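The values are calculated or read from the model by the stated rules, or taken from the named source; none is laboratory data. Note that the structure is predicted; figures quoted are calculated from it, not measured. Reconstructed Cβ throughout: ideal geometry from the backbone, glycine too, with neighbour counts over all protein chains shown. Ligands, DNA and RNA are excluded from the accessible area calculation, which covers all protein heavy atoms including side chains. Shrake-Rupley method; radii C 1.70, N 1.55, O 1.52, S 1.80 Å.
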Amino acid sequence: MMADAEGLLDVKRLERAATGPQIFLPDDQRLKIGVVGAGLAGLVTAMDLADAGHSVEIYETRPFIGGKVGSWVDKDGNHIEMGLHVFFGCYYNLFGIFKRLGIFEDALRLKTHTHQFVNKGGDVGALDFRMGGVGAPFNGLKAFATTSQLELGDKVANAIALATSPVVRGLVDFDGAMEDVRNLDDISFSEWFLSKGGSRGSIDRMWDPIAYALGFIDCDHISARCMLTIFQLFAVRSEASVLRMLEGSPHEYLHKPIQQYLEARGAKIFTRRKVKDLLYDTDASGAPTRMRGIVVTGPPGRDRQDETKEFDVVVAAVDVPGIQKLLPPSFKSSYDVFGNVDKLEGVPVATVQLRFDGWVTELDPSHPDRRVVDKDFSDGKAPGLDNLLYSADAEFSCFADLALASPADYYKPGEGSLLQCVLTPGDKWMPQEVDAIANATLKQVYDLFPSARDLKCTWSNVVKLNQSLYREAPGMDPFRPPQKTPVDGFYLAGSYTYQDYIDSMEGATKSGLKAAEAILDDTPALAALRRREGLEMVPVMRQEATASRNASLVGSV
């Protein structure tokens, strides 16, 4: 089967992410690189650059790394997340990073090959992709044909719509089908789906919850390109629809290993350090031409002073509101690629955690209003729903019982479920008090799980993000900037940048790898420019050791 040019499908890209750039730069090409933002995109960019021998410093405003995938521990020992993080089987590049870190087997928990929907009253529907070893596209056809989430008429309409989609072409011509998908960016998924014979019932009961989980907006407002990109992968790759979740919190099972990896290669990470301005040269008209460094707040303390940091290369690895604030007016007025960034916007979202004194998702299939057993499952092995869960009957689009799904940090001995619920759309929740948000979520949990009404919520937490994922509305793709910019020595990373995938952890990873590739391609020219200016190169650091590590990685993947 043909692999697409962008590497969206080609599993060999896992190998590239797993082994790193496989080069170590000569002494006269080592540059000083500053990365603004310690989210997943910035960290992945830094990994490749540090592996190649560049000197890397990362500056992060928050007190923790990870960006929107970040997590931290509160004063009572509870692990708090910025959102719910699920790893689709088509996250090839991110899985390659896990491989490079040597944590793929230990950090990720494989879930049953189903996508489960929890409806009001405890009724559970599913897309069950299990088919005795038979893979795509047949397992997908079986999943949609047998699901109880849709009525018969909706199933027929659904089949008609998908049968006329680019997905069918993708079975024999993935590249051509992806071109068809990209050309559907100007319309919403609902417009496309209904025009092909799909039904509103399918949208309401299945596609809206999935759209909310993917992009935090519904099918009427999400680009057809976004949704069909995922369908394309599900249709042609059996593993694409398989779900994984972390063993525990993102900090412990993803970001801490990345930090250790970077520090072992000489990279430095500074938290609580806000980048306030960019330093750059301009031409006679005032247009920026060359990046020189950044202005950053000094180390936390009583006499905190802004500091100037000079770099050969600056990577802005921030989110949509971050890049909009960081870019000076001269950048936006001089180059459309920067001006277009202001046309993008983020989606508000609230993430609610609710801990209970028992197991919420122990449902008896024949009696949804009853739990499976009355005995105590305080060892953390309750027969609950250990997977990502969708709902068409609650204002949280997707949720999971982290005490079951990611127990290492989220299960507490003697206690029960820890539900993590994503409230989307989040607009109505932003001005509300956190207690009101938690109570509204709790009420809806009891509506979905009547058998849990005798359980008490013992702890809750709410995280509100006014702008999270960028809004993948119709027509927005042309405004996503590339990783390489018109300003020498200035690059962008972040899942909102163009990387032919949706805004996600995989999108962030792809953007980081593409940013690093652009920098490494330009390194000889940037180094030559530095030499002409008479500046000293970066001292060599453990060249033989790093080269040896890279060589050993090749054989281990």
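Using the Cα centre as the reference, give the magnitude of the dipole from point charges on the C-beta atoms of segment 402-504 (Lys, Arg: +1; Asp, Glu: -1; all else neutral), rounded to the nearest 20 debye.
On the way: 9 positive and 12 negative charges, 36 e Å.
Around 180 debye, computed over segment 402-504.
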### Task
With a 1.4 Å probe and every protein chain left in place, work out the accessible area per residue of segment 38-89 in Å², rounded to a whole number.
23 Å²
### Other-chain or far-sequence residues with amide H under 5 Å of Glu345's (modelled H)
Arg471
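Please state the charge dipole magnitude for segment 136-238, taken about the Cα centre, from unit charges on C-beta atoms (+1 on K and R, -1 on D and E), reported in debye and rounded to the nearest 20.
Dipole of segment 136-238, to the nearest 20 debye: 380 debye.
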### Message
Run the Debye formula on the Cα coordinates of the chain, all scatterers equal and no solvent, and tell me log10 I(q)/I(0) at q = 0.05, 0.10, 0.11 1/Å.
### Response
-0.21, -0.85, -1.02
### Query
What list of ³J(HN,Hα) values in whole Hz, one per residue of segment 97-106 in order, does the Karplus curve 6.51 cos²θ - 1.76 cosθ + 1.60 (θ = phi - 60°) give from phi, with Gly and Pro shown as x?
5, 4, 5, 4, 6, x, 10, 4, 6, 8
### Summary
Using a 1.4 Å probe on heavy atoms of the protein chains only, the accessible area for Asp185 in Å², nearest 10, reads 10 Å²
### Task
Sort 29-38, 509-518 for me by packing, meaning the mean count of neighbouring Cβ atoms within 10 Å per residue, highest on top.
509-518, 29-38
### Query
Put +1 on the Cβ of every Lys and Arg and -1 on every Asp and Glu Cβ in the chain; which of Leu110, Ser468, Pro524 then has its Cα farthest towards the positive end of the dipole?
Pro524
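Given a Förster distance of 35 Å, report the FRET efficiency between Gln432 and Ser330 from their Cβ-Cβ distance, rounded to the nearest 0.05.
Here the calculated transfer efficiency is 0.35.
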## Note on the structure
chymotrypsin sites (Phe, Trp or Tyr not before Pro) in segment 300-351 lying in a DSSP loop, each with at most 14 other Cβ atoms within 10 Å of its Cβ, come to none
### Task
May I ask you to derive the FRET efficiency for Ala287 and Asn439 from their Cβ-Cβ distance with R0 = 51 Å, giving the value to the nearest 0.05?
0.45
## Note on the structure
From the cross-link list Lys68/Lys309; Lys325/Lys428; Lys120/Lys456; Lys68/Lys510; Lys75/Lys412, the entries with a Cα-Cα span beyond 21 Å are Lys68/Lys309; Lys325/Lys428
### Summary
Dividing the mean separation of Cα pairs under 8 Å (6+ apart) by the residue count of segment 23-96 yields a relative contact order in percent of 26 percent
### Task
Sort 229-238, 481-490, 76-85 for me by packing, meaning the mean count of neighbouring Cβ atoms within 10 Å per residue, highest on top.
229-238, 481-490, 76-85
### Query
Which of the trypsin sites (Lys or Arg not before Pro) found in segment 377-446 are in a DSSP loop and have at most 13 neighbouring Cβ atoms, other than their own, within 10 Å?
Lys381
### Task
Would you please give the residues with an amide H less than 5 Å from that of Leu31, counting only those at least 5 places away or on a separate chain, with H modeled from the backbone geometry?
Ser55
### In order through segment 474-486: 3J(HN,Hα) via Karplus (6.51 cos²θ - 1.76 cosθ + 1.60), integer Hz, x for Gly, Pro
x, x, 8, 3, x, 8, 6, x, x, 6, 8, 10, x
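So what is the relative contact order for segment 136-238, in percent, with contacts set as C-alpha pairs under 8 Å and at least six apart?
40 percent
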### Summary
per DSSP, antiparallel bridges as share of beta bridges in the chain, % nearest 5, sits at 70 percent
### Task
Give the long-range amide H neighbours of Thr282: residues separated by 5 or more places, or on another chain, with amide H under 5 Å away, using H modelled in the peptide plane at 1.01 Å from N.
Thr289
### Summary
For the chain, the percent of accessible surface on carbon and sulfur atoms (probe 1.4 angstrom, ligands and nucleic acids excluded) is 50 percent
### Message
Could you work out how much longer the chain between Asp521 and Leu279 gets when fully extended? Use 0.36 nm per residue separation minus the Cα distance between them, nm to one decimal.
### Response
84.8 nm
### Task
Find the centroid of the Cα atoms in segment 24-83 and in segment 455-532, then give the distance between the two in whole Å.
13 Å
## Note on the structure
Helix-only [θ] at 222 nm, the chain, -39500 (n - 2.57) per DSSP H run of 4+, per residue, nearest 500, equals -10000 deg cm²/dmol
### Query
Per-residue accessible area for Val73 at 1.4 Å probe radius, Å² rounded to 10?
80 Å²
### Task
May I ask which residue of Ala316, Ala38, Val56 lies farthest towards the positive end of the charge dipole of the chain, with charges of +1 (Lys, Arg) and -1 (Asp, Glu) on Cβ and the Cα centre as origin?
Val56
### Task
Name the residue farthest towards the positive end of the dipole of segment 136-238 from the options Phe234, Met178, Pro137, assuming +1 on Cβ of Lys and Arg, -1 on Cβ of Asp and Glu, about the Cα centre.
Pro137
#### Entry: Heavy-atom SASA rank of Glu433, Glu60 (probe 1.4 Å, accessible area, largest first)
Glu433, Glu60
### Query
To the nearest 10 square angstrom, what accessible area does Leu110 show with a 1.4 Å probe?
110 Å²
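With a 1.4 Å probe and all protein chains in place, put Leu152, Leu127 in order of accessible area, largest first. Don't jump to the answer; show the numbers that get you there.
Numbers: Leu152 130, Leu127 5 Å².
From most accessible down to least: Leu152, Leu127.
What is the chain's relative contact order, in percent, from Cα pairs under 8 angstrom and six or more apart in sequence?
Result for the chain is 23 percent.
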#### Entry: Accessible area of segment 136-238 divided out per residue, in Å², using a probe of 1.4 angstrom
37 Å²
### Query
To the nearest 0.05, what FRET efficiency results for Gln260 and Asp342 with a Förster distance of 60 Å applied to their C-beta separation?
0.95
### Query
HN-Hα J couplings of segment 67-73 from phi, Karplus 6.51/-1.76/1.60, θ = phi - 60°, integer Hz, Gly and Pro as x?
x, 5, 9, x, 8, 8, 10
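Using a 1.4 Å probe and counting only protein heavy atoms, arrange Lys343, Lys75 so the residue with the most accessible area comes first.
Of Lys343, Lys75, the descending order of accessible area is Lys75, Lys343.
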